[in-house]
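For reference, the structure discussed in these notes is given below.
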Amino acid sequence: MAQDSMRALEAHDFSIDSLKLAQRPVPKPRRGEILVRIKAASLNYRDLAILTQKYMSALPLPYVPASDCGAEIVELGEEVTRFKVGDRVTPIYTQGWHDGYPTPEQRTKRTLGAPLSGVLQDYVVVPAEDAVAIPSNLSDSEAATLPIAALTAWSTLQEGGIKAGDAVLVQGTGGVALFALQFAKIMGARVIVISSSDEKLGRAKQLGADIGINYRTTPGWGVAVKEATGGRGVDIIVETAGATLDQSLGAIAFGGFIGIVGFVAGMKAEIPLRSIIGPMIRIQGIAVGSRARFEAMNRAIALHKLKPVIDSTFPLEKAADAFRHLEQGKHFGKIVISL
Ligand SMILES: NC(=O)c1ccc[n+]([C@@H]2O[C@H](COP(=O)([O-])OP(=O)(O)OC[C@H]3O[C@@H](n4cnc5c(N)ncnc54)[C@H](OP(=O)(O)O)[C@@H]3O)[C@@H](O)[C@H]2O)c1
């Protein structure tokens, strides 16, 4: 049984320094809902962007940040048959998006960690239909890394129609990139990673990367990637950098797929349209993924005993340090907060 009050980490302003632990009442599950006790959460680039007001600046304060967690069900509302008390689950990031495309309302109003209340608190209530079971090979902390980063990587490769023998380019060594590397390897692809750090490239190779290119020392990495594929180019690019899309267009094979995921190098890209038309490139936006995709991904994770890469773990009381660590960009993989 849950207690009456719980810890909640509230942001009182749009700054890391404004994070404060508060007490809030434990919510009650209504019909069709589950009350979950959060064991661990993980941070995404989005959480930092919101907290530092680069995004969603009209969000009412205070708010509880972060969207991704591993949790255990402690109470069921009436008529819940999907789960039982004690089941380990992960709430999905875009609540209500079960298959196909999300509705505009789900995309803008139903995402956890803003505008819906986040997971840096001991308990949350979600509809039972908006959570998925945790793969049995994963700990709660590992499961906490999946809802945004892993699912986005998985969706990008699925939308790109990945097949054995493809060459895949992943940018950086953050959360999305390392999941894309791991998934592409189990699907039989050859993976090229670009990073600002030779040391991180070495670690990416230990995870299975075939080729590493330092984008700081090789700013024209588009040509280098193409050369590394014998001049053919890569079939799929998991574009987390954004502003360097011109380099990606230099690296892609004819008929290749670029999944636009993020913007760590900047929000705008100037690209010559001819570099898309002639080589018949497909460019598509990616917005995390549906519950059906999440469940398919979890089956692959369980089958291949895939382990997410956790960079570091901070207790809830030190969550501000976790955000600072993310801001510094020294991480390799996911930053976890244990509750
Ligand atoms: N559309 C979606 O559904 C979706 C979902 C998740 C994330 N995103 C977006 O995807 C991006 C990455 O998210 P994340 O959570 O994986 O972030 P993250 O864990 O913070 O990783 C960011 C990584 O980007 C790399 N990087 C920085 N500048 C770069 C540049 N100029 N060129 C290439 N790589 C660069 C860095 O790798 P090195 O240190 O190795 O250089 C860094 O570790 C963000 O923009 C995020 O908002 C979008």
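The values are calculated or read from the model by the stated rules, or taken from the named source; none is laboratory data. Because the structure is predicted, anything quoted here is derived from the model rather than measured. Cβ placement follows ideal geometry from the backbone for every residue including glycine, while neighbour counts extend to all protein chains displayed. All accessible areas refer to the heavy atoms of the entire protein, side chains included, with ligands and DNA or RNA removed. Shrake-Rupley method; radii C 1.70, N 1.55, O 1.52, S 1.80 Å.
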Margin query: So, A153, is that one on the phi < 0 side of the Ramachandran plot and among the hydrophobic types (A, V, I, L, M, F, W, C) or not?
Written below: yes
Note to self: Residues to consider are D210, D235; find the one that is of a type outside the set (G, A, S) and in contact (Cβ under 8 Å) with a residue 24 or more places away in the chain.
What the structure shows: D235
Margin query: I'd like to check which helices (runs of 4 or more DSSP H) are fully inside region 238-308 and have at least 2 residues that are surrounded by fewer than 14 Cβ atoms within 10 Å (Cβ to Cβ).
Written below: 274-277, 291-303
Check: Could you say which residue among R324, R293 is within 16 Å of the ligand (Cβ to nearest atom) and either in contact with a Lys or Arg (Cβ under 6 Å, 6 or more places away or on another chain) or within 16 Å of T152 (Cβ to Cβ) (or both)?
Finding: R293
Note to self: Can you confirm whether M187 is closer than 20 Å to L157 by Cα, at pLDDT 95 or above and open to solvent by 20 Å² or more (accessible area, probe 1.4 Å)?
What the structure shows: yes
Next item on the list: May I ask you to say which residue of K226, K185, K200 is in contact (Cβ under 8 Å) with a residue 60 or more places away in the chain and either more than 12 Å from the ligand (Cβ to nearest atom) or in a helix (DSSP H, G or I) (or both)?
Entry: K200
Notebook entry, point to check: Which residue, of T94, T81, T52, T90, is out of contact with any helix residue (DSSP H, G or I) (no Cβ under 6 Å at 6 or more places or on another chain) and under 27 Å from G174 (Cβ atoms)?
Noted result: T52
Note to self: Quick check on region 241-251. Is at least one of its residues outside the structural domain of G329 (by TED's automatic domain parsing), at pLDDT 95 or above and within 21 Å of G289 (Cα to Cα)?
What the structure shows: yes
Check: Does H331 satisfy being buried (at least 17 other Cβ atoms within 10 Å of the Cβ), within 11 Å of the ligand (Cβ to nearest atom) and in a helix (DSSP H, G or I)?
Finding: no
Check: Which fully enclosed strands (runs of 3 or more DSSP E) of region 86-143 have 3 or more residues being open to solvent by 10 Å² or more (accessible area, probe 1.4 Å) and modelled with pLDDT of 95 or more?
Finding: 123-127
Checklist line | Residue count for region 39-79, restricted to those that are among the hydrophobic types (A, V, I, L, M, F, W, C) and open to solvent by 40 Å² or more (accessible area, probe 1.4 Å) | finding: 4
Next item on the list: Give me a count of the residues in region 57-73 that are in a strand (DSSP E or B) and either on the phi > 0 side of the Ramachandran plot or free of Cβ contacts under 8 Å to residues at least 60 places away in the same chain (or both).
Entry: 2
